[in-house]
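S.K.: This is the structure, below, for whatever I ask next.
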Amino acid sequence: MIDNFLKDEQDLKAVEKVYSRLTDLLSTGEEIIYIAVQKKPLVNILPDCIALTNKRVLFFTPANLGLSIKFVDFVWKDIVDVYTKEEIIGAIFSIKATNGTEVGVDYLPKVQARKLYQYAQERKEAEREARRQRELEEKRAESGAMQIDHAANVAFQPVVVEPQVVHEPIPAPVQEAPKPDILTEKLKKLKTLFDNGLISQEEYNQKKLELLSDF
């Protein structure tokens, strides 16, 4: 198993120490992706190491003249960015955390620094996608809750029935009987008097002319 982390000329003893410590640190579902080992110029005693897992980045530093090893780790969601810089002798790999902390290791073999950067970018991309999916799920959950609340409000909203206004039928206007023509009535009476012999023809003509002149 350890051979998987010696393919890029990593120092065997350094990898063995880191690997043995890592196996005690791994959480459930956590897997080692890559181990890089510092290679100092001239004397490479007690090199620093970097290990990547699917959950975090760990920086290992030998202590007590190599009798122990201490480490600091960062989970991927707390890493803002990763950097690599190639120099004349080796390369530098570093990370920047959300709290502003920056940690790095220099004098890494360039091929190992490149692998660290490549795997780190892949993990950061996976973390961004996971975060995006979580945000989408949260938005869907919020949207669903809002729709349920709205539906509940609609379901229990009292129905207001407006009173119907009954319009009473408007009575048709009473047509007044046409008033009799006064002139006609008087002429009829005058004609009746004449027909009954109560007045003479001369009187009838005279009265008729008077009536007609009055109207």
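The numbers here are math on the coordinates, done by the rules we state, and not lab data. Bear in mind that the values here come from a model prediction, so they are computed numbers and not experimental data. Because the Cβ atoms are built from the backbone with ideal geometry, glycine has one as well, and the counts that use them run over all protein chains shown.
S.K.: Under 5 Å between amide hydrogens, which residues at least 5 positions from Y107 or on another chain qualify, with H placed 1.01 Å from N in the peptide plane?
M.R.: A91
S.K.: Label D3 and R131 with points 7 Å out from Cα along Cα→Cβ: what is the distance between them in nm?
M.R.: If labels sit at D3 and R131, their model points lie 3.9 nm apart.
S.K.: Let me ask something additional. How many nm separate the modelled label positions at I89 and V75, each set 7 Å beyond the Cα in the direction of the Cβ?
M.R.: Inter-label distance under the simple model: 3.9 nm.
S.K.: Let me ask something additional. Just subtract the alpha-carbon distance of L65 and Q121 from 0.36 nm times their residue separation and send over the number in nm, one decimal.
M.R.: Length difference between fully extended and current span is 16.8 nm.
S.K.: Lys and Arg at +1, Asp and Glu at -1: add these up for the other residues within a Cβ distance under 15 Å of T192 and post the number.
M.R.: +3
S.K.: I've got another one for you. Kindly identify the range 7-75 as rounded, prolate or oblate by the Cα gyration tensor criterion: order the square roots of the eigenvalues as a ≥ b ≥ c, call it rounded if a/c is under 1.5, otherwise compare a/b with b/c, prolate if a/b is larger, else oblate.
M.R.: prolate
S.K.: Suppose the chain between E185 and A145 were pulled fully straight at 0.36 nm per residue; how much longer would it get relative to their current alpha carbon spacing?
M.R.: Numbers: separation 40, 0.36 × 40 = 14.40 nm, distance 9.16 nm.
Separation in residues times 0.36 nm, less the Cα-Cα distance, equals 5.2 nm.
S.K.: Please list, in order along the range 192-200, the HN-Hα scalar couplings obtained from phi with the Karplus expression 6.51 cos²θ - 1.76 cosθ + 1.60 (θ = phi - 60°), rounded to whole Hz, x for Gly and Pro.
M.R.: Values, residue by residue: 5, 4, 5, 5, 8, x, 7, 10, 7 Hz.
S.K.: How big is the range 45-147 by the Kirkwood estimate over distinct Cα pairs, in Å?
M.R.: The Cα-based Kirkwood calculation yields 15.4 Å.
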